[in-house]
Amino acid sequence: MRVIETRIPNVFILEVDGRKFLVTRSEYPPHYGERKFNGFKEWRLSRSKLGVLVERGIKIKIERDWKILYLGAASGTTVSHLADIADRGVIYAVEYAPRPFIGLLRLARERKNVIPLLRNAELPESYNGIVERVDLIYQDIAQKNQIEIFEENARFFLRDGGYGIIMVKAKSMDSTADPRKIYSEVMERLENNFRIINSVDLEPYHKDHIAIEVGYR
Amino acid sequence: MKVWYGEIKDDEFRRKFDLDVRNERPLDFDLVGFAIENSVFSDRDEYYETLRELAIKNEERRMKEILRSEDMFIISLIRAYDDALKCVNLLSERLYDIKSLGYEDEESPPVAWLEDRIESLKKLRKELEGELEEKMLAVAPNLTRVAGHMIGARLIERAGGLKRLAMLPSSKIQVIGAERALYRALSRGKRGKPPKHGIIYQHPLVRTLGRRVRGKMARYLAGKISLAVRLDYFSGRIDDELEMGLKKRFHDLKGGSG
Ligand SMILES: C[S@@+](CC[C@H](N)C(=O)[O-])C[C@H]1O[C@@H](n2cnc3c(N)ncnc32)[C@H](O)[C@@H]1O
């Protein structure tokens with residue numbers, strides 16, 4: 001077994017019997033059926049868009065002591081790896097659907113750095129007074145008005161110079177238009193308040209999805 | 001202003017833990033620093049540990065409230081659907097009576113009125129069913145995949161909620177909706193045949209099988225439904241394999257029954 005470092009803390013590439021796995025360093029049990037290799041957990045790219053972004057070696061930055069606001073946490077698949085990465089930080093995980101929230105609660109009971117919030121990301125005022133200013137807002141909510149939602153949450157919670165990762169699903173913005181056209185409209189809108197750092201196509205793992213990285217002012 | 005660990009009023013701070021906050025404007029102070037300065041917590045570790053524990057407790061309570069009200073909503077929907085169906089049937093019968101007396105709508109406005117309302121009730125039924133399907137997929141995705149949204153909703157309705165359905169053994173699930181038949185069988189003593197026609201006998205994979213293997217399929221389906229409901233109630237994870245096993249069993253039985 002060979003362990004190769006990546007540019008992100010607590011994230012490694014593992015070579016096991018000639019096969020490569022993206023993994024996070026973790027003492028915790030599997031959360032969504034991912035494989036465990038002593039002291040590491042497989043980060044399944046088909047289940048997590050952030051995983052694909054990290055695997056592509058894109059220059060994203062996440063630090064161990066970061067405060068993170070995660071919008072659209074679902075049952076905590078990606079949050080579980082982020083919690084491994086930001087092991088000295090805090091993740092505020094917002095999800096509004098009660099079903100997947102069951103899984104998120106299970107994760108939060110296990111991890112000291114995950115704070116689960118059953119709230120609607122469209123109403124940041126309903127968690128303003130719980131969530132502090134953060135270093136990163138990560139958004140994966142697949143909603144038509146998600147950019148507006150991101151802007152509002154940034155206004156409430158993103159520190160100056162903070163960082164954003166937005167997952168955009170073309171189909172949920174407009175089910176008929178050309179994805180490329182949608183993406184460029186989204187970028188244009190984001191440029192009003194943010195600096196675009198990068199945008200990455202998530203094919204073939206996540207069809208018609210891109211990830212956009214932005215900096216705040 | 002209310003934050004999760006207290007209230008700030010006229011520069012005065014009162015400590016009180018409550019996650020039900022609402023502040024329309026971004027805060028202009030450091031939420032964590034302020035709490036420690038005011039000795040609400042001795043350090044950051046204590047701050048986050050307290051918040052996390054409170055959040056788990058508070059959000060779990062709210063989650064359960066939402067889930068509870070959602071399956072009750074499903075029960076109301078399926079009942080409204082049945083009510084609409086009943087109305088359609090009653091009015092159609094009456095319309096038939098009137099028409100068989102020789103009246104047509106040119107000469108009798110009530111005929112046209114009735115036809116019109118029956119149509120709109122049929123539309124209502126379709127709309128309710130659409131809503132029901134959406135709610136079922138959200139509240140009980142595994143049950144919906146295995147049993148379908150109508151049968152699934154009827155099972156929830158008869159059991160009195162998702163939780164109660166999740167607690168039933170599959171032998172009980174198999175006979176839900178056949179209670180009257182069961183009662184009759186029991187009162188006839190040993191010679192009464194056990195009932196066979198619970199709600200799940202309406203399932204296409206049971207209904208379309210030969211009579212000799214129908215019972216076997218129903219027992220198998222009840223087992224799958226029981227697993228599906230428990231998954232829905234306790235974990236929320238979606239298991240695609242449940243549905244596949246069902247089709248295989250159906251084809252095996254179909255082959256066997258000739
Ligand atoms: C694609 S899933 C997220 C998957 C997750 N990020 C992961 O990788 O593990 C999108 C989630 O966003 C949630 N969502 C959508 N709109 C939301 C809103 N306004 N507020 C909170 N959550 C929302 C949905 O309920 C769903 O669970």
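Readers should treat all values here as calculations from the given coordinates under stated rules, not as data from a laboratory. Quantities reported herein were computed from a predicted structural model and do not represent experimental measurements. Every residue, glycine as well, gets a Cβ built from its backbone with ideal geometry; the counts of neighbours run over all protein chains shown.
On the basis of the beta-carbon distance and an R0 of 22 Å, B:Lys247 and B:Lys216 show a calculated FRET efficiency of 0.90.
Reported value for chain B: 246 Å³ per residue, from the convex hull of its C-alpha atoms. Stretching B:Arg44 away from B:Asp18 to a fully extended chain increases their span by 7.5 nm, per 0.36 nm per residue minus the current alpha-carbon distance.
GNM remark for chain A: springs join alpha carbons under 10 Å apart, and the peak mean-square fluctuation among A:Arg119, A:Arg159, A:Arg56 falls on A:Arg56. One decimal place: the segment A:Asn198-A:Glu27 gains 58.3 nm when fully extended, by the rule 0.36 nm per residue minus the C-alpha distance. Given a cut-off of 31 Å, name the pairs among A:Lys207/B:Lys126; B:Lys122/B:Lys248; A:Lys41/B:Lys247; B:Lys135/B:Lys172; A:Lys20/B:Lys247 whose C-alpha atoms lie farther apart than that in the structure shown. Check vs 31 Å cut-off fails for A:Lys207/B:Lys126; B:Lys122/B:Lys248; A:Lys41/B:Lys247; A:Lys20/B:Lys247. What FRET efficiency comes out for B:His197 versus B:Arg164 if R0 is 25 angstrom and r is the Cβ-Cβ distance? Round to the nearest 0.05. With a Förster radius of 25 Å, E is 0.70. Compared with the dominant principal axis of the Cα atoms in chain A, helix A:146-157 is inclined by about 80°. Spin-label pair B:Glu37-A:Lys20: with each label point 7 Å from Cα along the Cα-Cβ axis, the two points sit 5.0 nm from one another. Here the convex hull built on the C-alpha positions of the protein assembly as shown has a volume of 251 cubic angstrom per residue.
Expressed per residue, the C-alpha convex hull volume of segment B:2-66 stands at 94 Å³.
Return the equivalent ellipsoid semi-axes of segment B:38-150 as a descending list in whole Å, where each equals the square root of 5 times an eigenvalue of the C-alpha gyration tensor.
Working: eigenvalues 608, 41, 16 Å².
After scaling each eigenvalue by five and taking roots: 55, 14, 9 Å.
Which part of segment A:159-180 falls in the paramagnetic zone of A:Asp208, meaning amide N under 20 Å from the point 7 Å along Cα-to-beta-carbon? It comes to A:166-180, nothing else.
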